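A quick write-up on the structure given underneath.
The values are calculated or read from the model by the stated rules, or taken from the named source; none is laboratory data. Here the structure is a predicted model, which means the values were calculated and not measured. As a convention, Cβ positions derive from the backbone with ideal geometry for all residues, glycine included, and neighbour counts pool all protein chains shown. Side chains included, ligands, DNA and RNA excluded: accessible areas come from the protein's heavy atoms. Shrake-Rupley method; radii C 1.70, N 1.55, O 1.52, S 1.80 Å.
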Amino acid sequence: MWKRLVVLVIWVAAWGGMPGAAQGVWQPLAGHVQMAIWPGAVPDARAETGAEVLKTASDPKDQVAGRQWLSVEQVSRPTMTVYSPKSGNTGAAVVVFPGGGYSVLAIDLEGTEVCDWLTSRGITCVVLKYRVPDSGPAYHNDCHCNIRPKAQTALQDAQRTMGLVRLHAAEWHIDPHKVGVMGFSAGGHMVANISTHFERRAYAPVDAADKLSCRPDFAVAVYPGHMTEHTTREFELNPEVPVTAKTPPTFLVQAEDDHVDGVKQSLTYYIALMKAGVPVEMHLYAQGGHAFGLRRTKLPITHWPELVEVWLRTIGVMG
């Protein structure tokens, strides 16, 4: 009995709470500062529905590579956290958009764990804790339908963050011409959204950061969603993602057995990018499912980050 209690106490200490229990507001590890991206009132703020919540996914079917992941819910004050490389700084930076269906944020699986990889490669990583829920197109179980919010506040947060990164480029030792984006699932949709909506801010400009370009210099979309909505023909791109020749070079990766955001999402986006003359590279794998992040498994898809590194070299982002 006492041995079981000791094991439980150790497990709780390691994970910050009981399985699935609320754990308060997410904070980065010591040494990394979480900054509010809006200096005052948040544009198009929705009525408060409760305080921000951090939860540990406890259901075994929700585990990834045999491990749990952290879910952030009810984000009303978006923040950014900068992770700088300890050595070998390439000058490149990536703003990371965790996924979660525009309902929650997979803050470690598709956020901080991404930064562990990027910073080890000399790339500054910025995790955006953007507003959820309903900050972008989201599936609602009550109507079994996708809801499009009147104001896409996640896009606002993404545009604002890109401007802030460029504003602080010298301070953070970043080349302002090598700032890209990477997103997963709903975050992958955000990648496409900001890659096609950068000529005008989706909010009233606030300060000097909003005078700088919010166009990504490169983009990585991993199992993106919402690419085929509002269409009537197969492989027709969502008209709310208006690809042009100005859309940045893009890297796509997805599994063919993804039953959440089917492989046609990436295929459709790839076709649109190719037709527009945008440099694009896509990698599809037979197995991997959805929301695999960067966690290592025995499947070939687990090596996708290495392919991104090669691609970044081919487009001149990394030496």
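Here are a few things to note about the model shown:
- The stretch 30-42: number of residues that are at pLDDT 95 or above and either open to solvent by 30 Å² or more (accessible area, probe 1.4 Å) or assigned to a strand (DSSP E or B) (or both): 3
- Of all the criteria given as (1) closer than 11 Å to A202 by Cβ; (2) open to solvent by 10 Å² or more (accessible area, probe 1.4 Å), the one not satisfied by D142 is (1).
- Taken together, the residues in the stretch 129-139 that are open to solvent by less than 60 Å² (accessible area, probe 1.4 Å) and in a loop (DSSP other than H, G, I, E, B) amount to 6.
- Checking the stretch 235-253 against the condition returns no match, with no residue being touching a Gly at 6+ places or on another chain (Cβ under 8 Å) and among the β-branched types (V, I, T).
- In the stretch 82-113, of all residues being of a type in the set (F, W, Y) and under 20 Å from F218 (Cα atoms), the one that is surrounded by the fewest Cβ atoms within 10 Å (Cβ to Cβ) corresponds to Y83.
- Screening the stretch 149-168 for residues that are in a loop (DSSP other than H, G, I, E, B) and out of contact with any His (no Cβ under 9 Å at 6 or more places or on another chain) and picking the one that is modelled with the highest pLDDT gives H168.
- Of V241, V280, V260, V222, all but one fail to be within 21 Å of A138 (Cβ to Cβ), open to solvent by 30 Å² or more (accessible area, probe 1.4 Å) and of a type in the set (V, I, T); the exception is V260.
- Residues of the stretch 281-310 classified as touching a residue at least 40 places away in the same chain (Cβ under 8 Å) and over 27 Å from R67 (Cβ atoms), total: 0
- R200 being over 20 Å from the mean Cα position of the chain (by Cα) and over 19 Å from G101 (Cβ atoms): yes
- The sole residue among L128, L118 that is out of contact with any Lys or Arg (no Cβ under 6 Å at 6 or more places or on another chain), within 23 Å of D44 (Cα to Cα) and not aromatic (F, W, Y) is L128.
- Unmet criterion (only one of (1) outside any helix (DSSP H, G or I); (2) open to solvent by less than 20 Å² (accessible area, probe 1.4 Å); (3) in contact (Cβ under 8 Å) with a residue 60 or more places away in the chain) for V126: (3)
- Test: residue in the stretch 43-52 that is in a strand (DSSP E or B) and either surrounded by 14 or more Cβ atoms within 10 Å (Cβ to Cβ) or of a type outside the set (S, T, Y) (or both): no
- Lone qualifier among V82, V94, V72 - being closer than 26 Å to P305 by Cα, modelled with pLDDT of 95 or more and in contact with a helix residue (DSSP H, G or I) (Cβ under 6 Å, 6 or more places away or on another chain): V94
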